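S.K.: Let me begin by handing over the structure; questions about it come next.
The values are calculated or read from the model by the stated rules, or taken from the named source; none is laboratory data. Just so it is clear, the model here is predicted, and its values are computed rather than measured. Here Cβ is always computed from backbone atoms with ideal geometry, including for glycine, and neighbour counts include all displayed protein chains. The accessibility values were calculated without ligands, DNA or RNA, using every heavy atom of the protein model including side chains. Shrake-Rupley method; radii C 1.70, N 1.55, O 1.52, S 1.80 Å.
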Amino acid sequence: MRDGSESKRSGVFQRNPALEELLGGLNDLLAGAEQRAIEASPEQSLPQVFIVGCPRSGTTLLMQWLAKSGCFGYPSNFISRFYRAPCIGAKIQLMLTDPRYAFRKELDDFRLSAVRFDSELGKTEGMLAPNEFWYFWRQYFRFGEIQQLPPEALAAADVAGLRKELTALANVFGKPLALKAMNMNWHLPFLAEHLPRAIFVYIRRHPFFNIQSLLQARQNFFGDIASWYSFRPPEYSRLK
């Protein structure tokens, strides 16, 4: 969802092709088991908390704060690797990191990870740090050049599957689920209609500093300020 090809990214921001291939195969293998897991997950009344607003407005910091509070389940860097099977990923994460499932210090190395309050263009460090989770969202909504989808694309989205997946993930944690949803900024009424327990937290930053941060992000991510960074609004072609 960022402008230009992979080759335009600055070195540190380029994807790892070997990792992408490994995760693609792993998620293909787990997708069937994930479907069985979410079908068996009971309905619950816990809300989903969606963080929305402009990129570079403080959404990552808010997610880190929510994660650190211990009051919410959330997609971590570890769970994000299971983008087609996040419920399974969350269960594995609990096994590795939750003291309730410890056994004679066999996996103590994993318990050293903690949520910090630093990041680089939304990218956090540490297996338990919150992740933007964009790969997960793209399974349900096929975005093109811009993130405003035509009515037929929204109608074709597997919203029932999304609702079941979010419910199952919250059930694993036994807590309300919090995650970023800025890619859905143009479809919040649609989400609210299909996810009646959703709560939307809209982050706003002073426009001057938001613009400044976006320009700095372009420079850091691409090496120039001409390439479009992050989500593209319906007016993208005219603005560009």
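S.K.: With D118, D28 as the choices, which residue is over 21 Å from Y140 (Cβ atoms) and of a type outside the set (A, V, I, L, M, F, W, C)?
M.R.: Exactly one of D118, D28 is over 21 Å from Y140 (Cβ atoms) and of a type outside the set (A, V, I, L, M, F, W, C), namely D118.
S.K.: Among the residues of the range 203-240, write down those that are on the phi > 0 side of the Ramachandran plot and not in a loop (DSSP other than H, G, I, E, B).
M.R.: Residues satisfying the conditions do not exist here.
S.K.: Could you tell me how many of the residues in the range 48-101 are farther than 25 Å from I199 by Cα and either open to solvent by 50 Å² or more (accessible area, probe 1.4 Å) or in contact with a Gly (Cβ under 7 Å, 6 or more places away or on another chain) (or both)?
M.R.: 6
S.K.: Going by the conditions given, is K105 without any contact (Cβ under 8 Å) to a residue 60 or more places away in the chain, surrounded by 13 or more Cβ atoms within 10 Å (Cβ to Cβ) and over 14 Å from the mean Cα position of the chain (by Cα)?
M.R.: No; evaluated as a whole, the condition is false for this residue.
S.K.: So in the range 155-174, with the set limited to residues that are of a type in the set (D, E, K, R) and within 17 Å of the chain's Cα centre (by Cα), which one is least open to solvent (accessible area, probe 1.4 Å)?
M.R.: E165
S.K.: Can R197 be described as more than 28 Å from K91 (Cβ to Cβ), surrounded by 15 or more Cβ atoms within 10 Å (Cβ to Cβ) and among the basic types (K, R)?
M.R.: Against the criterion (more than 28 Å from K91 (Cβ to Cβ), surrounded by 15 or more Cβ atoms within 10 Å (Cβ to Cβ) and among the basic types (K, R)), R197 does not qualify.
S.K.: I'd like the full set of residues that are at pLDDT 95 or above and of a type outside the set (A, V, I, L, M, F, W, C), limited to the range 195-217.
M.R.: Of everything in the range 195-217, those that are at pLDDT 95 or above and of a type outside the set (A, V, I, L, M, F, W, C) turn out to be Y202, R204, R205, H206, P207, N210, Q212, S213, Q216.
S.K.: Now for a separate question. Please pick out the residue among E106, E43, E132, E34 that is of a type in the set (D, E) and touching a strand residue (DSSP E or B) at 6+ places or on another chain (Cβ under 7 Å).
M.R.: E132
S.K.: Related question: Which pairs have Cβ atoms under 9 Å, sit 6 or more apart or on different chains, and link a residue in the range 188-215 that is more than 28 Å from S227 (Cα to Cα) to one that is open to solvent by 90 Å² or more (accessible area, probe 1.4 Å)?
M.R.: Going by the 9 Å Cβ cut-off, the qualifying pairs are R197/S45.
S.K.: So, one more: Any residue that is at pLDDT 95 or above and in contact with a Ser or Thr (Cβ under 8 Å, 6 or more places away or on another chain) - is there at least one of those in the range 24-37?
M.R.: For the range 24-37, residues at pLDDT 95 or above and in contact with a Ser or Thr (Cβ under 8 Å, 6 or more places away or on another chain): absent.
S.K.: How many of the residues in the range 135-154 are free of Cβ contacts under 8 Å to residues at least 60 places away in the same chain and open to solvent by less than 60 Å² (accessible area, probe 1.4 Å)?
M.R.: 9
S.K.: Further question on the same structure: What is the residue count in the range 86-115 for residues that are at pLDDT below 90 and within 30 Å of V52 (Cα to Cα)?
M.R.: Result for the range 86-115: 3.
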